[in-house]
Amino acid sequence: MRNVPWVTVLLIAAPLFAAPHKIDQKTFERVALEMSGERAQELDRRIVEYHRIQGSPMMESVARDVILPALRAMNVEASIEQFPSDGKTLYQTYVSPIGWTMRGGELWIAGDAPERLCRFSDVPMCVSTYANGGEWSGELVDVGAGTSDDDYKSIDVRGKVVLASGYARDVHRKAVVKYGAAGTVIYPPADDRPDHPDMIRYNGLWTRAEDVAKTSGSFQISANQYAHLKALMAKGPVRVRGNIDADLGPHQLTLVHAWIRGSEPDEVVITAHLDHPKWSANDNASGSALLVEMARTLQKLPKPRKTIHFIWVPEYFGTVAYLDKHPEVRACSSFDDPRPIPIAKAGCVIANLNMDMVGEDTVKTNGRFYMTRAPKSVPSFLDTFLPDVLAQTREANLFAPTGTRNYWPAEMIDYYQGSDHDLFLGIGVPSTMFGHDPDWTHHTSEDTPDKTDASEFLRVGVLAANAAYWIATKYEPTDAGRIAGATQNRGYHRLTIPPIFSEQLANTPLAKESDLALYETVNFLDGRRSSDEIATLLRQELGDAKYDKVWVDRVLSQLAAMKYVAK
């Protein structure tokens, strides 16, 4: 008998759907049959060979040597874009990271019987990112967290090496820059995943240009190594010596762009951050690898109406630099023009799908797959559209030939920040993050390729690719009203207001009640409301006892200034 891929057997053996779905069956099956979890997993294994720190030559290397050639080999239009990254250039309110060229480093217990605690080539995360090159030594001094002045009140750390459990950046700025320590060694707090005492955590100094001369070296050790050092210190002074072969200086933020051009200029943007220390297989080599596989798969479908734009970014910094330097990038429904989505503008962004940690073996990491809703300040058709595609993907019961047969824990969750979707939400673009949580390996040396799963790559890739393709080919302005109605029926009433305004509201005396009233009572998808209408809706929601006319008048004044109140 002919060899038939496992996913093909499933699609032929049983009907895919128990009920009608948004994605037509032929398109869904075509994507599912073409998508390869194994190809994504293999590319993940290539990406993790690079120490991919933001603003570093190493991240530029993986962009130029792995991602770009992979795309061009599939005849996908792709290019590199770079922005200065020097520890002082501002993009909006973000200070760009300084460039960091890292070659090696070691930390030793000094003395008659020297013992190595860290070697970069063995465990790359044991050297704090953006640590300065050089050699130093000194007696170890444990200062606890090491992030506040109180931790140093009765301890002289000048010329010594500080042992602390706080985040490396904060410890280093206190211990080295302020109090004159020779260097820092960071151990995990007692409550940080105590069941895994040998793992090393990801920490960074995030050195700025003006601090380079003051910056020393910094290392991470495991809980077991910390216990070993404490036992030695109980017997007498312990000296350590460290050496790091690295340079700090100006470099570039490197982005990779790829496009499946549509006949119309508006875009569906799909992002994944390419950075993080070696290995970081799930966070976020998995998202970066799956983005390539999604581009390969979608390239084989009929040309979409809207352009599908893939971007591999340095997390946060690359995205904010891109948005800052490309003022033409804007939401199809913006804060200053809250008409139904999308409106007639050239080259606006309809939606953003952000892929961050998408290839996990959910049993090994004890996690579950999720998609985030938008915050209440940004109306998003994705909130009602994506659960439908998730249900369709679940019903297809997809497994990769070499992947697990695990149950798929997957759900839509409330807004969860912490990745590049935040920046698209900041300009009013309906955005979501695809990811996994919880994950005990997150930001540690345990985030390795053996904890990925070809089946998870397949399922998430099929879901995201089908969603992006439908938005790019089928989404129409008339859908806004229909989806808005479905949203209202599910209890989500949205008002388009900027996140900065929502932060101002959080400081009001009636923050909880007023936020609820303002966000969940007034629906702006059908146009602006008058002052009287908004006031009436707020009174209905809050009731006379909680209705604060002074606050309401201030809200109406600010909304009017921002052009949200109809004349």
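The values are calculated or read from the model by the stated rules, or taken from the named source; none is laboratory data. Everything quoted here is computed from the prediction, not taken from an experiment. Cβ atoms come from the backbone with ideal geometry, glycine included; neighbour counts cover every protein chain shown. Only protein heavy atoms, including side chains, enter the accessible area calculation; ligands, DNA and RNA are left aside. Shrake-Rupley method; radii C 1.70, N 1.55, O 1.52, S 1.80 Å.
Worth a mention:
- Accessible surface of segment 286-325, 1.4 Å probe, proportion on carbon and sulfur as whole %: 48
- Of all accessible heavy-atom area on segment 145-238, the percent that carbon and sulfur account for (1.4 Å): 50
- Summed over the residues of segment 321-473 and divided among them, the accessible surface reaches 28 Å² per residue at a probe radius of 1.4 Å.
- Net charge of the neighbourhood of ARG405, taken over other residues with C-beta under 13 Å away and scored Lys/Arg +1, Asp/Glu -1, is -2.
- Heavy atoms of MET357: accessible area, 1.4 Å probe, square angstrom to 10: 20
- Rg(Cα)/(2.2 N^0.38 Å) for segment 199-356, N = residue count: 1.50
- Of all DSSP beta bridges confined to segment 71-171, the antiparallel ones make up roughly 65%.
- Sorted peptide list for 194-206, 276-288, criterion being average Cβ within 10 angstrom, highest first: 276-288, 194-206
- Cβ-placed point charges (K, R +1; D, E -1), dipole of segment 75-117 about Cα centre in debye, nearest 20: 120
- Surface composition of segment 36-95: carbon plus sulfur atoms contribute 46% of the solvent-accessible area (1.4 Å probe, protein chains only, all chains present).
- With protein chains left intact and a 1.4 Å probe, residues in segment 141-247 average 45 Å² of accessible area per residue.
- Mean Cβ count within 10 Å, highest first, over the residues of peptides 147-160, 292-305, 368-381: 368-381, 292-305, 147-160
- Members of LYS376/LYS549; LYS174/LYS230; LYS88/LYS230; LYS153/LYS214; LYS306/LYS451 lying beyond 32 Å, as alpha-carbon distances in this model show: LYS88/LYS230; LYS306/LYS451
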